[in-house]
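Since the structure comes first, as structure tokens, the remarks are kept for the end.
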Amino acid sequence: MALCILISGCTGTVATTSLPNVDNLAYHLSPGDRLRLEVFREDVLSGEYAIDDQGVITLPLAGEVRAGGKTLAQLRQDLQSLLGQEYVRDARISLEVAGYRPIYILGEVQRPGEYPYVEGMSVHGLVAKAGGFTYRANEHVVYVRHGRELDEKAYRLTSGAAVLPGDTVRVGERYF
């Protein structure tokens, strides 16, 4: 998604794009997420696994498996193939996210800070968790830094604007 931020010298306004809606996002796993793996009749392989800084999980017997950047369905398929080929006959697995990375909000909200991510969370939901906007808040534009990106980007705030684990959301001041 290309984002052009245009700054007008006369008015001081920022042109923005909209954040994608919650329904249009496929979540990609990333370092800091925790996964719960259940392998039918294989207690040694079943358990909770954290994705490390290199984006891998380490399974007993199977070793390191790349998880970062994949969707849950992609990783489930990879694990089923890997375990079924070499370790478990007719591998039947269940895989789910046990814990997401936290999200952060700062700026013109009542209680800025770190909050646990809930699947399908919107920016409005995050603002509500943070006690709502302050009287100085710009309720039309938010600044978001996704995961490990270095720069924040300005987005129009709509009711379905999605936030993802690891995001930092900043609510700026309004100037009029």
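The values are calculated or read from the model by the stated rules, or taken from the named source; none is laboratory data. Predicted model, so just to flag it, every value in this text is computed and none were measured. All Cβ positions, even for glycine, are placed from backbone atoms using ideal geometry, and neighbour counts span all protein chains on display.
Observations, loosely collected:
- Residues in segment 66-92 that are assigned to a loop (DSSP other than H, G, I, E, B) and of a type in the set (A, V, I, L, M, F, W, C): ALA67, VAL88, ALA91.
- Set side by side, the residues ARG148, ARG111, ARG156, ARG76 differ, and just one is charged (D, E, K, R) and in the same structural domain as VAL44 (by TED's automatic domain parsing), which is ARG76.
Here's the yes/no breakdown for (1) of a type in the set (A, V, I, L, M, F, W, C); (2) crowded, with 18+ Cβ neighbours inside 10 Å; (3) under 30 Å from ARG170 (Cβ atoms):
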| position | (1), (2), (3) |
| --- | --- |
| SER46 | no, no, no |
| TYR49 | no, yes, no |
| PRO60 | no, no, no |
| ASP78 | no, no, no |
| GLY84 | no, no, no |
| VAL88 | yes, yes, no |
| GLU96 | no, no, no |
| LEU106 | yes, no, yes |
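- Residues that are modelled with pLDDT of 90 or more, out of contact with any helix residue (DSSP H, G or I) (no Cβ under 6 Å at 6 or more places or on another chain) and among the hydrophobic types (A, V, I, L, M, F, W, C), drawn from segment 60-88: VAL65, LEU72, ALA73, LEU75, LEU79
- Segment 123-165, subset at pLDDT below 90 and within 12 Å of the chain's Cα centre (by Cα), residue surrounded by the most Cβ atoms within 10 Å (Cβ to Cβ): VAL163
- Top-ranked residue of segment 167-176 - restricted to ones that are under 18 Å from PRO102 (Cα atoms) and either at pLDDT below 90 or more than 11 Å from the chain's Cα centre (by Cα) (or both), ranked as surrounded by the fewest Cβ atoms within 10 Å (Cβ to Cβ): ARG170
- Tally of residues being in a loop (DSSP other than H, G, I, E, B) and either farther than 16 Å from GLU119 by Cα or of a type in the set (Gly, Ala, Ser) (or both) across segment 147-167: 11
- When residues in segment 94-122 are screened for being farther than 26 Å from GLY55 by Cβ and not in a strand (DSSP E or B), 4 of them pass.
- Filter pass, ASP90 being touching a residue at least 12 places away in the same chain (Cβ under 8 Å) and among the acidic types (Asp, Glu): no
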